[in-house]
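Below is one structure, written out as structure tokens; comments come after it.
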Amino acid sequence: MSLAELEAAVPAVAGLSVPRRGAWGRLVRSELRLVFGRRRNIALLAGLSFVPLLLGTLLFVTQDSALGGQGPGFIGRVTGNGLFLVVASLFMCLPFLLPLTTGIASGDAIAGEAQAGTLRYLLAVPVSRGRLLAVKALATMTFVGSAVAAIAVVALVVGAAYFGLGELTLLSGSTVPLSDGVLRIAGVALYVVLSLSGLVAVGLFLSSLTEVPVGAMAATVVVAIVSAVLDTLPQLAAIQPALLTHHWLNFAEFLRIQVDWGVLGRGLAVQAAWVAIFGALAWSRFTTADVTS
């Protein structure tokens, strides 16, 4: 947040009295401008948008060769229907690129302000620290949602241009109309966004512990990587359902003839538990910390 924005948000600077609701709204808008105004974050969105373009172009060029229609996950289905390019692109980005994006955004949320020396001014805004933390979380989740949306929208456009859109063939072999298929793909994207909420909470907590944003960013990404590694070990089967990344690929339920909402609900419940735990830790740390920078 710039100093000019801070001065506008802090009524004490001008000796004025401004309602808390007005300060809250300005704080949200200012935080969103800060997050989406950073060149690093813009570069992240551009890089993520390039993934479906690259994948779609590669599949389009090779579709008539021996490699056409092959690939892990949902990639082999893309040439038959451009809608699957959305799923394939999210499938490719979810293991690392989206956690990296989430880690950068959430790890920088508080630590970046502390390093820049603007956090102490920000805390002078007539909004409680708890609400300020909520604003940070909201802005971060908005950015994460924008990252997923960027992938999905570009994939949809590229898929339509290269392979066309039509009835969606589900994993069971049944087909649904295009309108139903678009709704299912939208459900996939929404589930991916919500599946990253736990990692956002972890990043905010780690960001509240340090004034070095790079450290908080790296630690957040490491948490996601460690969770993914632990999820591959059969010896840890008992704890795997509670791991942060265990249910990330449950979005495939939207591609079945009968969506198992129980499976999706369990995945979101795990994310809610991580949000509750690390959100509480972040709140406890942020509301009691002695901020000097």
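The values are calculated or read from the model by the stated rules, or taken from the named source; none is laboratory data. Just so you know, these numbers come straight off a predicted model, no measurement behind them. Positions of Cβ are backbone-derived with ideal geometry, glycine not excepted, and every protein chain shown enters the neighbour counts. Keep in mind that these areas ignore ligands, DNA and RNA; they rest on the heavy atoms of the full protein, side chains included. Shrake-Rupley method; radii C 1.70, N 1.55, O 1.52, S 1.80 Å.
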- Note on the structure: Within the stretch 255-270, restricting to residues that are over 23 Å from Thr102 (Cβ atoms), free of Cβ contacts under 8 Å to residues at least 60 places away in the same chain and in a helix (DSSP H, G or I), the one that is most open to solvent (accessible area, probe 1.4 Å) is Trp261
- Item | Residues of the stretch 153-180 that turn out to be of a type in the set (Val, Ile, Thr) and not in a helix (DSSP H, G or I), as a count | 3
- Message: Can you tell me which of (1) in a helix (DSSP H, G or I); (2) open to solvent by 70 Å² or more (accessible area, probe 1.4 Å); (3) touching a Leu at 6+ places or on another chain (Cβ under 9 Å) is the one Leu183 doesn't meet?
- Response: (3)
- Identify all residues within the stretch 63-112 that are over 30 Å from Leu133 (Cβ atoms), at pLDDT 85 or above and surrounded by fewer than 24 Cβ atoms within 10 Å (Cβ to Cβ); write none if there are none. Arg77, Thr79, Gly80, Asn81, Gly82, Phe91, Met92
- Among residues of the stretch 276-293 being in a helix (DSSP H, G or I) and of a type in the set (S, T, N, Q), the residue most open to solvent (accessible area, probe 1.4 Å) is Thr288
- Among (1) open to solvent by less than 50 Å² (accessible area, probe 1.4 Å); (2) more than 30 Å from Leu59 (Cβ to Cβ); (3) modelled with pLDDT under 95, Ala137 falls short only on (3)
- Message: Suppose the filter is open to solvent by less than 10 Å² (accessible area, probe 1.4 Å), aliphatic (A, V, I, L, M) and in contact (Cβ under 8 Å) with a residue 24 or more places away in the chain; does Val192 pass it?
- Response: yes
- Query: Do we have Leu6 as surrounded by 15 or more Cβ atoms within 10 Å (Cβ to Cβ) and at pLDDT 80 or above here?
  - Reply: no
- Options Ala273, Ala252, Ala228, Ala224: the member that is in a helix (DSSP H, G or I), modelled with pLDDT under 95 and open to solvent by less than 60 Å² (accessible area, probe 1.4 Å): Ala252
- Query: When the stretch 143-180 is examined, which residues are found to be open to solvent by 60 Å² or more (accessible area, probe 1.4 Å), under 26 Å from the mean Cα position of the chain (by Cα) and polar (S, T, N, Q)?
  - Reply: Ser179
- Message: Of the conditions (1) hydrophobic (A, V, I, L, M, F, W, C); (2) out of contact with any Ser or Thr (no Cβ under 9 Å at 6 or more places or on another chain); (3) modelled with pLDDT of 90 or more; (4) surrounded by 18 or more Cβ atoms within 10 Å (Cβ to Cβ), Leu54 satisfies every one except a single condition; which number is it?
- Response: (4)
- Message: If a residue must be surrounded by 14 or more Cβ atoms within 10 Å (Cβ to Cβ) and of a type in the set (A, V, I, L, M, F, W, C), how many such residues does the stretch 231-249 contain?
- Response: 4
